[in-house]
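Here, each number is a calculation from the coordinates, and none is a lab measurement. As the structure is a computational prediction, the values presented were derived from the model and not from experiment. Here Cβ is always computed from backbone atoms with ideal geometry, including for glycine, and neighbour counts include all displayed protein chains.
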Amino acid sequence: MQTVIALDAMGSDRAPKPEIEGALAAARHYGVKVLLVGPEAQLKRELKNHPSASYLPIEIVNASQVITMDEKAAQAVRSKRDSSMRVGLRLVRDKKAIGFVTAGHTGAAMATAKMVMGALPGVDRPALAMVFPTSAAKPCILIDVGANVDSKPQNLAQFAIMGEMYSRSIFGTEKPTVGLLSIGEEETKGNELTRQAYALLKDLPLNFIGNVEGRDLYNGHVDVIVCDGFVGNVALKISEGLVEAVRYLLKESLKSTITSQVGALLSRRAFVDFGKRLDYSEYGGAPLLGLKGVAIVGHGASNNNAIKNAIRVAKQFAESGINQRIEQEFTSNRAEAAVVAAAAAGESWKED
């Protein structure tokens, strides 16, 4: 049976052009069927510019409304019941697609996904998990990178559990180290949220190594870094800006220092490889962990390559069964579930 992915065709800053071009590329390279969700007439007009659409597995699913970036998430979710985001998520809920992709409003995506799909048992809020490359040649997962700008200590405890499971399930890390992002390594450092979260995390049955700092995101000293969505999104955007600056400066340096044709060719290859390793469009998007279904959220500035890769991530995520494994662990591991439940109730916890 062909893999079917639902794509919010009206999510990105320049929609629907990147979405349609990315969907066509994904259908061509990954063998998936893509359901383009959005205003039917507008999508049909755009598809006329792409002759290949007539023989690729692309289908339009009409949605009369669009949630824009400047809308308040809660209001948009309540008022726009036929938004491209909501219709796309319903396709996953109703088993007409195995995953959903959007480059739209992150807060609205989280709220709509939780409402339409539902959260896994034991999860109060889904969280976005982003994978970062490190100098130790192993990935580091940062969670949350924008789904929850206001979080409580128990939310960070749940993020830690989900991030640890994600690291084990997707990357095969045997016993992932988990750190709490703060302004110093000492337990007393940070704001009220991080200090309270620290107290919860050190009692969880995880390999918690304490507070970590911003530099640890790239040095490979920790496998999972936990923070609230406000801090995580700032870290993500700073990283993207730094990558662009480094790419530009490196390119300029190579121009001024490489003189031979052989040297220029080798340097160009290295530069391209460097760019791909750090280019957000190569990663596509971040999964919303903690849902009863697969939802991938991409950058608002996503180009067609980012959309193509977000569809690939949705396919891989669904086929890996990571959601089912997270649900099984949340429901079967009484220790973890009890800790988080007790934290939410403000109670102390002891193992049976």
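Which lysines does residue 251 reach when only Cα atoms under 16 Å apart count, and residues fewer than 8 places away in its own chain are ignored?
276
Would you kindly calculate the mean projected area, averaged across all directions, of the convex hull enclosing the Cα atoms of the range 148-192, in square nanometres?
With the hull built on Cα positions only, its mean projection is 4.0 nm².
Plugging the Kirkwood radius over Cα pairs into Stokes-Einstein for the range 14-90, at a temperature of 20 °C and a viscosity of 1.002 mPa s, what D comes out in µm²/s?
It comes out at roughly 162 µm²/s.
Provide, for q = 0.14, 0.28, 0.29, 0.30 Å⁻¹, the log10 of I(q)/I(0) from a solvent-free Debye sum over equal Cα point scatterers in the range 87-147.
One equal scatterer on each Cα of the range 87-147 leads to -0.50, -1.20, -1.23, -1.26.
Could you give the dipole magnitude of the range 59-134 about its Cα centre, charging the beta-carbon of Lys and Arg +1 and that of Asp and Glu -1, in debye to the nearest 20?
Result for the range 59-134 is approximately 240 debye, rounded to the nearest 20.
Could you pull out every residue, at least 5 positions away or on a different chain, whose amide H is within less than 5 Å of the one on residue 295? Hs are placed 1.01 Å off N in the peptide plane, and Pro or chain starts have none.
The list, which skips near neighbours in sequence, is 100, 288.
Of the listed pairs 96/152; 96/237; 80/292, which have alpha-carbon separations greater than 25 Å here?
As for pairs spanning more than 25 Å Cα to Cα, those are 96/152; 96/237.
Under 20 Å Cα to Cα from residue 95, which aspartates and glutamates show up? Leave out anything in the same chain fewer than 8 places away.
Correct list for residue 95: 8, 59, 82, 319, 327.
Only sites in a loop by DSSP and with at most 10 other Cβ atoms within 10 Å count here; which trypsin sites (Lys or Arg not before Pro) in the range 129-224 make the cut?
Answer by residue number: 215.
Are there trypsin sites (Lys or Arg not before Pro) in the range 1-35 that DSSP marks as loop and that have at most 14 other Cβ atoms within 10 Å, and which are they?
Loop-located and lightly packed - 14.
Place the peptides 129-136, 72-79 in order of packing, highest mean first, counting for every residue the other Cβ atoms within 10 Å and averaging per peptide.
My ranking of the peptides, most packed first, is 129-136, 72-79.
Evaluate the Kirkwood expression for the hydrodynamic radius of the range 112-188, namely the inverse of the mean inverse distance over all pairs of different C-alpha atoms, and round to one decimal in Å.
Kirkwood hydrodynamic radius for the range 112-188: 13.8 Å.
With θ set to phi - 60° and the Karplus curve 6.51 cos²θ - 1.76 cosθ + 1.60, what are the ³J(HN,Hα) couplings of the range 89-99 in order, to the nearest whole Hz, using x for Gly and Pro?
Each residue's phi maps through the Karplus curve to give 5, 5, 4, 6, 4, 8, 6, 8, 8, 9, x Hz.
Let's see if you can work this out: charge +1 on each Lys and Arg Cβ, -1 on each Asp and Glu Cβ, no other charges. What is the dipole magnitude of the range 99-247 about its Cα centre, in debye to the nearest 20?
280
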